[in-house]
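**Q** Structure incoming, see below.
Since every read-out is calculated from the coordinates, none of them should be taken as a lab result. Source: prediction; values computed, not measured. Don't worry about glycine lacking a Cβ; one is built from the backbone with ideal geometry, like all the others, and counts go over all protein chains shown.
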Amino acid sequence: MMNTGPVHVRVVIPCRNEAGHIGRCLRSIVDADRSHMDLEVRVCDGMSTDGSRAEIAPFLAEHRWIKLVDNPQCTTPHALNLGLRPDGYEIGIILGAHAEVDPGFFREDLAMLGSHPEAGCVGGVIENVFRDATSRRIGAAMAHPFGVGNAHFRTGEREGEVDTVAFGAYRRDVFEQIGYFDERLARNQDDELNYRVVRAGWKILLSPRVRSRYHVRASYRRLYRQYAQYGYWKVYVNRLHHRITTVRQVVPALWVLFLVTSAGVALLHPLGARALLLGIAVYGIAALVSAWRAAPRSGDLAGVVLAFVTLHMAYGIGYLRGVLELVVLARDPGLAHQRSSR
């Protein structure tokens with residue numbers, strides 16, 4: 001940072017029906033180290049009806065730097081842009097309503113940006129918080145490379161240059177150069193923006209010193225719906241940029257395609273059945289070994305394996321559906337796909 005005064009930082013939190021979470025999120029921000037910065041928080045609320053706004057109200061009354069912004073479009077990219085487009089900040093940070101920041105979160109973000117002028121965005125590692133056994137098992141799968149590949153902000157296995165981060169801190173200059181979040185995307189809007197950040201010549205850096213906690217949603221059904229949408233919308237991002245943006249995105253789709261193809265061949269030839277059984281056996285062994293390493297408790301083993309299967313099948317099926325509808329049939333996403341599952 002070139003100036004010697006406080007750095008103007010704006011935190012933008014998309015929110016819609018997040019009662020029970022948004023208050024904890026805001027409390028963690030209030031309690032964080034905010035020295036040497038002029039911090040503003042904008043909660044962009046999609047007209048919540050569950051008591052979220054009542055939960056936000058005491059913070060608005062006590063802290064003038066926390067503001068509530070209405071988001072009548074009710075989507076995440078609209079919320080992010082409502083918060084980030086107005087002038088008045090040097091660093092913009094996006095945060096989830098289910099997240100809580102560590103006391104040094106903002107300090108470490110600014111330190112990284114200050115020491116790395118080549119970085120357009122910096123971020124850290126998410127620590128999953130579990131409220132029951134199901135969320136604990138899902139969280140373990142989402143924090144292991146077998147579950148999410150090289151998504152280092154989840155696994156915490158890398159420090160330095162990456163292709164994306166969660167809850168990134170962006171220089172205002174980045175938005176002025178490449179624009180804001182694509183409001184057509186119900187999912188993957190942060191990955192798509194980060195892809196443009198890197199293509200514009202900026203670096204994205206990850207540091208384990210930037211830490212936050214995320215309250216994992218506890219439902220295999222929600223997990224399936226969420227990752228099916230991730231897969232579907234990743235194809236839309238590919239179509240926008242006329243290329244595959246990351247290698248890891250195609251692996252689940254190839255796995256699902258292998259299962260379907262080998263099952264079809266098995267009806268006609270014994271080699272298809274052998275290939276299918278061999279593939280399932282290899283996958284099963286890898287899933288069991290990974291779950292054994294990832295499971296917090298011995299009783300979680302089967303649940304972590306189920307989470308692995310759910311993640312991979314959902315993303316793969318969603319991706320293949322996206323290829324069919326968005327590429328082969330050249331359709332645009334319908335209204336059902338615009339509504340994201342939380």
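**Q** As a check on your grasp of the helix formula, calculate [θ] at 222 nm for the chain: sum -39500 (n - 2.57) over DSSP H runs of n ≥ 4, divide by the residue count, round to the nearest 500. Numbers along the way, then the final one.
**A** On the way: 14 runs with 166 residues, N = 342.
Helix-only estimate at 222 nm: -15000 deg cm²/dmol.
**Q** If you take the charge dipole of the chain about its Cα centre, with +1 on Lys and Arg Cβ and -1 on Asp and Glu Cβ, which of Asn194, Leu259, Ile204 is farthest toward its positive end?
**A** Leu259
**Q** Let me ask something else about it. Determine the shape class of the range 134-255: with a ≥ b ≥ c the square roots of the Cα gyration tensor eigenvalues, call it rounded for a/c under 1.5, and otherwise prolate if a/b is greater than b/c, oblate otherwise. Don't skip to the answer; put the middle values down first.
**A** Details: a/c = 1.70, a/b = 1.26, b/c = 1.36.
The shape class here is oblate.
**Q** Counting only Cα atoms, I'd like the Rg/Rh figure for the range 237-338, Kirkwood definition for Rh. All intermediate terms of the calculation are to be shown ahead of the outcome.
**A** Numbers: Rg = 16.6 Å, Rh = 15.7 Å.
Taking Rg over the Kirkwood Rh, I get 1.06.
**Q** Averaging sequence separations of C-alpha pairs under 8 Å and six or more residues apart, then dividing by the length of the chain, give the relative contact order as a whole percent. Spell out each step's value before the answer.
**A** Values: 622 pairs, mean separation 63.2, N = 342.
Taking the mean separation of contacting Cα pairs over the length of the chain, I get 18 percent.
**Q** For the residues Asp332, Asp38, Asp45, what sequence is obtained by ranking on other C-beta atoms within 10 Å, fewest first?
**A** Details: Asp332 10, Asp38 15, Asp45 25.
By the 10 Å Cβ count, ascending, the order reads Asp332, Asp38, Asp45.
**Q** Here's something else I'd like to know. Dividing the convex hull volume of the alpha carbon atoms of the range 1-157 by its residue count, what do you get in Å³ per residue? Display every interim value, and only then the final one.
**A** Numbers: hull volume 20.9 nm³, N = 157.
Output value, Cα hull per residue: 133 Å³.
**Q** A further question follows. Give the percent of DSSP beta bridges with both residues in the range 7-218 that are antiparallel, rounded to the nearest 5.
**A** Details: 11 of 38 bridges.
Counting only bridges with both partners in the range 7-218, antiparallel ones make up about 30 percent.
**Q** Here is a further query. Suppose we flag GluC sites (Glu not before Pro) only when DSSP calls them loop and at most 16 other Cβ atoms lie within 10 Å. Which is the longest uninterrupted stretch of the chain?
**A** Numbers: sites that count: Glu118, Glu157, Glu159, Glu183.
With a cap of 16 other Cβ atoms within 10 Å, the longest stretch comes to 184-342.
**Q** Can you check what the net charge comes to around Arg42, using other residues whose Cβ is under 12 Å from the Cβ of Arg42 (Lys, Arg +1; Asp, Glu -1)?
**A** Numbers: positive: Arg10, Lys67, Arg85; negative: Glu40, Asp45, Asp70.
After counting each charged neighbour, the total is 0.
**Q** Among the helices of the chain (complete DSSP H runs), which have Cα atoms covering no less than 20 Å along the helix axis and a Kyte-Doolittle mean of at least -0.5? Show your work: numbers first, answer last.
**A** On the way: long enough: 220-241 (31 Å, -1.22); 251-266 (22 Å, 2.00); 270-294 (35 Å, 1.37); 301-322 (32 Å, 1.35).
Result, helices passing both filters: 251-266, 270-294, 301-322.
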